[in-house]
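Asks: Can you read through this structure? Questions will come right after.
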Amino acid sequence: MASGWLHEGLRGIKPLRYAVRRARRTTEAYRVRAWTLRGAGRAADLPLHLGYAGQLESKNYLAHLAFRDAPHEQDHGMRWTHRVLHGRAPHLANADLHVVDVARSVYRQFRRTEESIPEQRLFCLPCWVQGEIALSETAVAPDAETVRSDVRLIKRNALEYRVVREPALFDWFYRSMYLPYMAAVYPGRALLMSYDDMREQRARSELLLIRKNGADVAGQILVHGSGGEAHAWSLGVLNGDQSLVKAGVLAALYYFAPRYLASQGYRALDIGLSRPFLNDGVLQYKKKWGQRIVAGHANLFVLKFARGSAAAYAFLRGNPFIHLSRGWLHGAVFLAAHEANDARAIDRLQKRYAMPGISSLRFFAPDERGDMRLVEERRGSCDV
């Protein structure tokens with residue numbers, strides 16, 4: 001009898017628990033954790049002061065981009081998002097560069113736009129960009145110039161693939177490939193797939209495994225979607241072994257997965273998210289396999305830098321990025337003063353950074369006040 005009364009009582013307060021949980025999630029969207037990072041800049045031997053507010057993993061990623069060695073960090077705890085965005089948080093005072101990781105929906109409430117304003121030294125970047133490969137015969141051709149050396153490596157090491165569905169192999173992949181690889185390559189910088197997330201997707205997934213000398217050495221989960229699309233999700237390498245990466249096992253995933261899915265009648269492969277910085281190794285690697293940028297992420301990096309800061313500008317020159325303007329994705333490339341009138345230098349930068357799905361590349365240089373001056377905008381080859 002008592003247990004029945006207790007059960008009914010718990011049922012009665014369940015809606016209240018859900019309401020509290022929803023309220024907490026709503027409040028969390030309007031508060032961000034803030035840090036100050038100081039150290040020698042990676043791009044130039046200049047002291048750099050970075051103010052950051054947002055996710056821990058993104059803070060670690062930006063620190064990896066910005067600093068030559070581990071910076072000195074000061075944790076300022078939680079701050080209200082609107083104060084951070086308006087520069088009223090103490091950790092942003094006198095910063096060379098500050099970045100806020102914020103939900104786009106929240107940012108629009110405060111700014112009513114997602115527009116980058118270069119003349120105010122403010123840019124809105126998607127935290128991640130999504131890429132897609134068209135699964136046509138051309139897209140998976142083994143003789144494409146950009147991947148020819150990778151294909152030779154795959155053949156030289158006699159790499160093969162198999163596709164499996166056994167739950168036990170998914171568990172083994174997660175423990176022995178995915179987690180060790182992410183820990184080896186992105187320590188503290190990756191947003192990890194949880195085991196529960198993997199289990200939820202398993203019913204509509206396959207596991208593509210790369211084999212070397214008869215043993216499974218790398219893998220990737222392929223999630224089957226609707227409308228002729230599939231999703232390449234969460235790859236890994238056995239024990240995180242970098243010698244296997246050098247042997248071409250990751251290249252084999254990018255080579256075999258599109259060919260397998262094309263044979264199954266799929267028309268497009270979502271190859272996941274990449275960071276929006278144009279020198280990012282993952283983004284550049286996906287580009288050579290035929291990636292087209294198709295969307296931005298639900299969160300933004302709101303990036304602003306101090307007028308006349310040599311350290312901030314050195315960071316920008318070394319880390320061009322994808323940003324939002326009038327609802328479109330554009331590339332922002334920052335030039336040295338001597339490059340501003342050098343058409344051949346701009347040609348070289350365009351060849352490196354242009355990629356399908358980006359509406360244009362915009363080339364900036366600082367003016368005499370330290371503000372951004374648009375030198376040139378190149379369209380066409382960026383959106384092919």
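Asks: Between residue 108 and residue 28, what's the calculated FRET efficiency when r is the beta-carbon distance and R0 is 22 Å? Round to 0.05. Could you put the intermediate results ahead of the total?
Replies: On the way: r = 18 Å, r/R0 = 0.80.
With a Förster radius of 22 Å, E is 0.80.
Asks: What ranking of 193, 355, 177 emerges when the number of other C-beta atoms within 10 Å of each C-beta is taken as an exposure proxy, fewest first? Intermediate values should be presented prior to the final figure.
Replies: Details: 193 17, 355 24, 177 28.
So the residues, fewest neighbours to most, are 193, 355, 177.
Asks: With each pseudo-label sitting 7 Å past Cα toward Cβ, what's the residue 344-residue 136 distance in nm, one decimal?
Replies: 3.5 nm
Asks: How many nm separate the modelled label positions at residue 163 and residue 351, each set 7 Å beyond the Cα in the direction of the Cβ?
Replies: 3.8 nm
Asks: Within 9 Å, Cβ to Cβ, of residue 306, how many net charges do the neighbouring residues add up to if Lys/Arg are +1 and Asp/Glu are -1?
Replies: On the way: positive: 121, 304, 307; negative: 96.
Here the charged neighbours net out to +2.
Asks: Taking the Cβ of residue 131 as the center, what net charge do the other residues with Cβ under 13 Å away carry, scoring Lys and Arg +1 and Asp and Glu -1? Don't skip to the answer; put the middle values down first.
Replies: On the way: positive: 275, 286, 287, 288, 292; negative: 132, 229, 270, 280.
Value of the local net charge: +1.
Asks: Only one of the values (1) 23.2, 86; (2) 21.3, 65; (3) 21.2, 69 was calculated from this structure for Rg and Dmax of the Cα atoms in Å; name its label.
Replies: Looking at Rg and Dmax of the Cα atoms in Å for this model, the match is (1).
Asks: Sort 294, 302 so that the residue with the fewest other Cβ atoms within 10 Å of its own Cβ comes first and the one with the most comes last. Can you show the working numbers first?
Replies: Details: 294 14, 302 23.
Result, fewest neighbours first: 294, 302.
Asks: While we're looking at this one, here's another question. Full-extension gain between residue 229 and residue 259, please, as 0.36 nm times their residue separation minus the C-alpha to C-alpha distance. Present the calculation step by step, with values, prior to reporting the outcome.
Replies: Working: separation 30, 0.36 × 30 = 10.80 nm, distance 1.35 nm.
This chain segment gains 9.4 nm when fully extended.
Asks: Given 209, 198, 264, which one lies farthest toward the positive end of the charge dipole of region 131-289, if we put +1 on the Cβ of every Lys and Arg and -1 on the Cβ of every Asp and Glu?
Replies: 209
Asks: Here's another thing I want to ask about it. Got a sec? How would 82, 64, 330 order by Cβ neighbour count within 10 Å, fewest to most? Working shown, then result.
Replies: Working: 82 17, 64 14, 330 20.
In increasing order of surrounding Cβ atoms, one gets 64, 82, 330.
Asks: Per-residue HN-Hα couplings for region 309-326, Karplus 6.51 cos²θ - 1.76 cosθ + 1.60 at θ = phi - 60°, whole Hz, x for Gly and Pro?
Replies: So the Karplus estimates, Gly and Pro as x, are 7, 5, 5, 5, 5, 5, 4, 5, 4, x, 9, x, 8, 9, 9, 9, 8, 6 Hz.
Asks: What's the lysine pair count for the chain at a Cα cut-off below 24 Å, pairs eight or more apart or interchain?
Replies: 16
Asks: Of the trypsin sites (Lys or Arg not before Pro) in region 65-104, which ones lie in a loop per DSSP and count no more than 16 other C-beta atoms within 10 Å?
Replies: Details: sites: 68, 79, 83, 88, 104; in loops: 68, 88.
Counting only loop positions with at most 16 other Cβ atoms within 10 Å, the trypsin sites (Lys or Arg not before Pro) in region 65-104 are 68, 88.
Asks: Tell me, what is the FRET efficiency for residue 203 and residue 367 to the nearest 0.05, using R0 = 51 angstrom and their Cβ-Cβ distance as r?
Replies: Working: r = 57 Å, r/R0 = 1.12.
Computed FRET efficiency for residue 203 and residue 367: 0.35.
Asks: In addition: Ignoring the sites themselves, what is the longest stretch of the chain with no GluC sites (Glu not before Pro) in a DSSP loop and at most 12 other beta-carbon atoms within 10 Å?
Replies: On the way: sites that count: 137, 368.
So the longest stretch without any such site is 138-367.
Asks: Run the dipole for the chain about the Cα centre, Lys and Arg Cβ at +1, Asp and Glu Cβ at -1, nothing else charged, and hand back the magnitude in debye, nearest 20.
Replies: Working: 55 positive and 38 negative charges, 138 e Å.
For this selection, approximately 660 debye.
Asks: Over what distance in Å are the Cα centres of region 203-220 and region 322-339 separated?
Replies: Rounded to whole Å, the Cα centres lie 39 Å apart.
Asks: Give me the distance in nm between label points sitting 7 Å out from Cα along the Cα-to-Cβ direction at residue 38 and residue 282, one decimal.
Replies: So the two model labels end up 3.2 nm from each other.
Asks: Using the Cβ atoms and a cut-off under 15 Å, what net charge is assigned to the surroundings of residue 210, where Lys and Arg are +1 and Asp and Glu are -1? Please report the intermediate quantities before stating the final value.
Replies: On the way: positive: 155, 156, 162, 211, 212, 246, 259; negative: 150, 160, 206, 216, 241.
Summing Lys/Arg as +1 and Asp/Glu as -1 gives +2.
Asks: Report the gain in length on full extension from residue 295 to residue 336: 0.36 nm times residue separation, minus Cα-Cα distance, nm rounded to one decimal.
Replies: Details: separation 41, 0.36 × 41 = 14.76 nm, distance 3.00 nm.
Gain in length upon complete extension: 11.8 nm.
Asks: Restricting the calculation to Cα positions, tell me the Rg (one decimal) and the Dmax (whole number) of region 224-363 in Å.
Replies: 18.0, 55
Asks: Given a Förster distance of 22 angstrom, what is the FRET efficiency for residue 69 paired with residue 186, based on the Cβ-Cβ distance and rounded to 0.05?
Replies: Details: r = 18 Å, r/R0 = 0.83.
Using R0 = 22 Å, I get an efficiency of 0.75.
Coordinate-derived values only; no laboratory data. As the structure is a computational prediction, the values presented were derived from the model and not from experiment. With ideal geometry, Cβ positions are generated from the backbone for all residues, glycine too; neighbour counts draw on all protein chains shown.
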